[in-house]
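Below is one structure, written out as structure tokens, with a few remarks after it.
Derivation of every value follows stated rules applied to the coordinates shown; laboratory data play no part. Everything quoted here is computed from the prediction, not taken from an experiment. Positions of Cβ are backbone-derived with ideal geometry, glycine not excepted, and every protein chain shown enters the neighbour counts.
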Amino acid sequence: MTSNASPVGIGVIGLGRGFVLMLPAFRADRRVRLVAACAPREESRAAFRAEFGGNAYPDVESLCADPEVEIIYVATPHELHCEHVIAAATAGKHIFVDKPIAIILEDATRMVEACREAGVQLIVGPSHSFDAPVALARRLIDSGDYGRVRMINAFNYTDFLYRPRRPEELNTDMGGGVLFSQGVHQIDIVRLLAGGMAEKVFAMTGKWDAARPTEGAYSALVSFAGGVFASLTYSGYAHFDSDEWMGWTGELGNEKDPKAYGDARRKLKSVSSPEEEIKLKSARTYGSDDMPKPASRYEHFGPIIVSCDGADLRLTPEGVHVYGDTEREFKAAPDLLYPRKEVIDAVVATVRDGEPPAQTGAWGLASLEICRAILSAAESGMPVTLEHQTGLETKTS
């Protein structure tokens, strides 16, 4: 965007935790301006008006009709993404929708087709595939200096399942569990590093807590075009914390206190009903007190190692370690200006220059297909052949 171009007008549907995590970028980047929001809670709408001075609506239709809105950020629960994206597309607005694009493939297909028919762009994110160290690793791969990618290992151990949850977040059919909210991050990163065109999925999943009756863990082996294969493992059971292997940097790039071990499970023990847990989760939304700590490093999604012909590339919150045949070196990512700047880069390039990122609607559909395939492969014990994949060179809206 040229220096004299006007800020991109953003409207937001949903002022919950997803919106909160994008706030540092919205507040810091003068290339965008929050002009409108839609949320069911008046407290959130009032907080939005007080901080940004924009319009705050109780209904989606009014926000979509706002002439100042150029692109709509859909940050609502997973099950509402399809309805809200199609409403925005019908109104002629560009869209970026929080991951995952949807829960079922049919909805994702409808969303992609609606945006194509309306002539608007659909970005799926923010996912950790936007993170600067991931982009740096992709550039190193594209340089050809290390040969072809052969294998990728990605794993992450968190306390995800024991953070405050709404009932539907513990119901797989409604998009609950670790795959749709967490696994899609890992899938997006691995697809970006492997070139996008996954072919088959072998997987197993774990449901090991009857009080949290959804998938809390998975391990998958994914094959890609050209012979690349990737191992993806995730556990959200709040025991081992793989941030220990990331310099005690939390997923959001903030410094993590090892002494806080076990906090998620301790807090949950104080909750005696689903209603109390919902209230605890509401305390993490916009206008409340529970805000993330400031980031000092890039966001990440656990240890990731890319094995190429001539080197292994290990991603960190600061950059990429390169382990060559006889020497090792560190490639630093650009200095962190503020979290998720890369997402704003994508929004501005899409709206002002018509240049969408890799993470289009078709890309989001392909990542969702792998989420569904992991569930299906785990249930059947058989590999799943993929049909909706898209590569880096063939991305479409």
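Between the beta carbons of residue 259 and residue 49, assuming R0 = 30 Å, the FRET efficiency works out to 0.15 to the nearest 0.05.
Placing pseudo-labels 7 Å out from each Cα toward the beta carbon at residue 42 and residue 225 gives an inter-label distance of 5.5 nm. Which shape class applies to the chain: rounded if a/c is under 1.5, otherwise prolate when a/b exceeds b/c and oblate if not, where a ≥ b ≥ c are the square roots of the Cα gyration tensor eigenvalues? Verdict is rounded for the chain. Subtracting the Cα-Cα distance of residue 283 and residue 171 from their residue separation scaled by 0.36 nm leaves 38.2 nm. Expressed to the nearest 5 percent, the antiparallel share of DSSP beta bridges inside the chain is 60 percent. For the chain, modelled as a Gaussian network with Cα springs under 10 Å, which listed residue fluctuates most, 354, 54, 177? Maximum among the listed residues: 354.
Is the shape of region 36-102 rounded, prolate or oblate, going by the alpha carbon gyration tensor and its root eigenvalues a ≥ b ≥ c, with a/c under 1.5 for rounded and a/b larger than b/c for prolate? Oblate shape, in that a/c is at least 1.5 and b/c is the bigger or equal ratio.
Of the GluC sites (Glu not before Pro) found in region 333-397, those that fall in a DSSP loop while having at most 14 other beta-carbon atoms within 10 Å are 387, 393. Residues whose amide H comes within less than 5 Å of that of residue 199, counting only those at least five positions distant or on another chain, are 223, 224, 225 (H built at 1.01 Å from N in the peptide plane). The Rg/Rh ratio of region 255-351, with both radii computed over alpha carbons and Rh defined as the Kirkwood radius, is 1.11.
Which log10 I(q)/I(0) values, to two decimals, does region 62-200 give at q = 0.16, 0.20 Å⁻¹ under the Debye formula with one point per Cα? Computed log10 I(q)/I(0) values: -0.96, -1.21.
Close amide-amide hydrogen proximity is noted between residue 176 and 171, each under 5 Å apart and 5 or more residues distant or on a separate chain (H modeled in the peptide plane; Pro and chain starts excluded). Each Cα pair under 8 Å and six or more residues apart adds its separation to the average, and for the chain the resulting relative contact order is 21 percent.
Sites listed here are GluC sites (Glu not before Pro) in region 67-147 whose DSSP assignment is loop and whose Cβ has at most 12 other Cβ atoms within 10 Å: 68.
Let a ≥ b ≥ c be the square roots of the eigenvalues of the Cα gyration tensor of region 303-397; is it rounded (a/c under 1.5), or, if not, prolate (a/b larger than b/c) or oblate?
Oblate is the answer for region 303-397, as a/c is 1.5 or above yet b/c matches or exceeds a/b.
The chymotrypsin sites (Phe, Trp or Tyr not before Pro) found in region 197-279 that occupy coil by DSSP, while having at most 14 further C-beta atoms within 10 Å, are 208, 240, 248. For residue 99, the amide hydrogen comes within under 5 Å of the amide hydrogens of 125, counting only partners 5 or more places away or on other chains and with H modelled in the peptide plane. In region 81-136, Rg over Rh equals 1.04, where Rg is the alpha-carbon radius of gyration and Rh the Kirkwood radius from pairwise Cα distances. Using 1/(1 + (r/R0)^6) with R0 = 56 angstrom and r between the beta carbons of residue 80 and residue 326, what's the FRET efficiency to the nearest 0.05? Rounded to the nearest 0.05, the efficiency is 0.55.
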